[in-house]
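Working notes, structure below.
No lab work stands behind these numbers, since they all come straight from the coordinates. Owing to the predicted nature of the structure, the values given are computational and were not obtained by experimental measurement. Note: ideal-geometry Cβ built from the backbone for every residue, glycine included; neighbour counts use all protein chains shown.
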Protein chains: 2
Amino acid sequence: MHEILIEEKILARNDEIAARNRNALKERGIYSINIVSAPGAGKTSLIERMAGELKNMGLRFAVVEGDLEGDFDSKRIERHGVPALQITTGRACHLDAHQISHALPWVFGQDSIELLVIENVGNMVCPAEYDLGEDIMVTVMSTTEGDDKPLKYPAIFSASGALVINKTDLAPHTDFDMNRARENALKVNPYLKIFETSCRTGSGVGAWATYLAGLVKDGKKK
Amino acid sequence: MHEILIEEKILARNDEIAARNRNALKERGIYSINIVSAPGAGKTSLIERMAGELKNMGLRFAVVEGDLEGDFDSKRIERHGVPALQITTGRACHLDAHQISHALPWVFGQDSIELLVIENVGNMVCPAEYDLGEDIMVTVMSTTEGDDKPLKYPAIFSASGALVINKTDLAPHTDFDMNRARENALKVNPYLKIFETSCRTGSGVGAWATYLAGLVKDGKKK
C-alpha cells in the first residue's frame, strides 16, 4: 500500500509538470508527439524516414531522444539535418515530464520548428503512465514481435492515438497476421489510427507523415 | 534523493526474498533460470522449442510465466506437456522475488522436475535489477532488434550469464551483423555465453538446450 501511495504522488507530480510542458509548447505553436515501442521496433528508423518526407512538405521538426546510455540515436537523426538532443536516463526505463521540461529551452532555441518528436526509451510498459506533455503518444510495433502484442501490453496501446506497424517487409517471413494485429489493437483501443510501414523500403512512411503533418496543421488552429 | 532511498529499500527487501528463494530451490535440487528480453524477441517460442529438446534428454522442467495480463503464454507452454503457472503483474514491468516466493509451493508440487524456467515480462530495463533467486539470468535478443542492443541496454546484458540471439532465419533480410552483435555483447559482458537460434526452424536450439542441461547437472553437484 505504502509503495502504491508513493507511486501515485510521483505520477501526480509528473502530470503537473506535463501540463506545464503542454502549455509552453502550445504557446509557441509547436505540436508534439511521444513515440514509444519495444527495443528495436524501429522508432529511430521511422524518424529518419520522416526527416525526408516532412522536409518535402516544408515542415521543420526537432527530436528529443531518450536512451539509457549513449548518443547513438541522436547522432543518427542529426545526419539527416534534423536537430536532436540526447537525454540519457541511466537506470530509468522511461522519460518523464521533468526531463522534458529541461529540454524545452533547447527546443525553443531551434529555428522555426512546428513539431517536436520525442523518442522514448524502448519499453512497452512504463512510458504508458508518464505523460510528457505531448499532444499524442504514438506506439510503434514491428511485425516480428507478433500480432498478439496489443493484448499483452494493453496500457501502451490504450494511451496512444496512433499505431505504426513497422517492418512490413519482414512479415512474409513470419507468422504475423496483419488483420489479427489490427483487430487486437482496435479491441484494446477502438480510436487508434493505424499505419503500416517498412522503414527499410520506405513503404507507407508517406501516408504516416501526411497524417502527422495534418495533425500539426490542425494543432495550429486550436 | 528521497525517491532513490525508497528504491534502494525496495531492492534490498527484494534481494532478501531472492536469497530465500535460491536456498529453497537449491534444497530441492532445482536449477533455475530467469529469461528476459524485449517484447516479442521469442522467449516463449524458445521455451516451446526447449520442451522437445529437454524431453529427449530426460530432463523435466516447469515454467513460471510473467505477463502484464492474460494467460496466452502459459497456455502455449502447457500444450507441450510442460507444467506452467501464469503470474499477471498488472502495471508492473518486471517480476519480483516476492511473486516468485508465492509460486514456489506450486513449483515444488510438480513431479520430479530438475529445472525451473522463469519467463519475465518483456522489458530490457527493469528486470535487470530484480534478482528472483535464479541461478542465472538469460537474455534473449532477436536479430530484428539490431546489433546495437547490448550497447543501448547494457545492464541486462551485464546481469546475464548467457545470451541467446534468436530469429537468425530473419537476419539475411535485415542489416543485422552477427559479428558486431557478439562484439557489442562481449564488450558489455566478456563472460557471456552466446548462442544463436531460430525458434522458427529450430536451428541452434539443441546447442542451447545441451548447454542448459549441463548447467542443471553441474548445479546438482554443488
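General observations
- Calculated label separations, B:PRO190, copies of the chain, 7 Å along the beta-carbon direction, nm: 5.9
- Estimated 222 nm signal from helices in chain A, with DSSP H stretches of n ≥ 4 weighted -39500 (n - 2.57), rounded to 500: -13500 deg cm²/dmol
- Between A:THR88 and B:SER203, the simple label model (points 7 Å from Cα in the Cβ direction) yields a spacing of 3.6 nm.
- The alpha carbon gyration tensor of the range B:1-85 gives principal lengths a ≥ b ≥ c with a/c of 1.5 or higher and a/b no greater than b/c, which makes the shape oblate.
- 7 Å along Cα→Cβ, label-point gaps from A:ILE10 to other copies, nm, shortest first: 0.5
- For the range A:111-118, 3J(HN,Hα) computed residue by residue from phi via the Karplus equation (6.51, -1.76, 1.60; θ = phi - 60°) reads 6, 6, 8, 10, 9, 10, 9, 9 Hz, glycine and proline entered as x.
- Overall form of the range A:139-213 per C-alpha gyration tensor (a/c, 1.5; a/b vs b/c): oblate
- Each residue of the range A:50-57 was assigned a 3J(HN,Hα) from its phi angle through the Karplus curve 6.51 cos²θ - 1.76 cosθ + 1.60 (θ = phi - 60°); the sequence is 4, 3, x, 4, 6, 4, 4, 8 Hz, with glycine and proline shown as x.
- When the charge dipole of the protein assembly as shown is built from unit charges on Cβ atoms (+1 for Lys and Arg, -1 for Asp and Glu) and taken about the Cα centre, the candidate among B:THR210, A:TRP106, B:HIS94 whose Cα reaches farthest toward its positive end is B:THR210.
- Taking the average, over residues, of other Cβ atoms within 10 Å as the packing measure, peptides B:58-69, B:137-148, B:8-19, B:74-85 rank B:137-148, B:58-69, B:74-85, B:8-19 from highest down.
- Gyration tensor verdict on the range B:1-40 (Cα atoms; rounded if a/c is under 1.5, prolate if a/b is larger than b/c, oblate otherwise): oblate
- Inter-copy label distances at B:TRP106 (7 Å, Cα→Cβ; nm, one decimal): 4.5
- Sites matching trypsin sites (Lys or Arg not before Pro) across the range A:84-191 that sit in DSSP coil, with at most 15 neighbouring C-beta atoms within 10 Å: A:ARG91
- Pairs of lysines in the range B:110-222 (C-alpha under 25 Å apart; 8 or more residues apart or interchain): 12
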